[in-house]
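The block underneath contains the structure these notes are about, expressed in structure tokens.
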Amino acid sequence: MTPVTRQEVLGLYRKIFKIAKKWQSASGQIEETVKEKEYIKNEAKTLFRKNKNVTDPKLIKQCIEECEARIEIGLHYNIPYPRPIHLPPMGLAHKQGRTLRQQEKLRKISKPIYLKSHDEVS
């Protein structure tokens, strides 16, 4: 990992914890706020620890992009949890070959960047 990339990753990690410190839930309830703050911290720790040994520059860039996307979406919608996507069953496969393998491949390709690591951790 280059020093620039390392600084960027550490900056994102600090940014997440600053956001968690100031976080207020949309409902305004104290219990919800505490729960969401803990979720933000735990999710960050889990994902950063999981990816600490990643050395491929392309994969590191993808992880950084995912992190930035999740931060922006969370701040915009005031929801710390990843936003689900809704795809109709068998709605992505080509008309001629509606096989399960093709459907799974198309779903994987169409998954937004901010959900790439969520399914692996959950």
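The values are calculated or read from the model by the stated rules, or taken from the named source; none is laboratory data. Being a predicted model, the structure only gives us computed values, none of them experimental. FYI the Cβ positions are ideal-geometry reconstructions off the backbone, even for glycines, and counts take in every protein chain you see. Calculation scope for accessible area: heavy atoms of the full protein, side chains included, ligands and nucleic acids excluded. Shrake-Rupley method; radii C 1.70, N 1.55, O 1.52, S 1.80 Å.
Could you report the stretch 6-52's accessible area per residue, 1.4 Å probe, as an integer in Å²?
I get 71 Å² per residue for the stretch 6-52.
What net charge do the residues around ARG6 carry, taking every other residue with its C-beta under 14 Å from that of ARG6, with Lys and Arg at +1 and Asp and Glu at -1?
Net local charge, ARG6 excluded: +2.
So how do ILE73, ILE60 rank on accessible area, 1.4 Å probe, biggest first, that is with the largest at the start?
Per-residue accessible area, sorted high to low, gives ILE73, ILE60.
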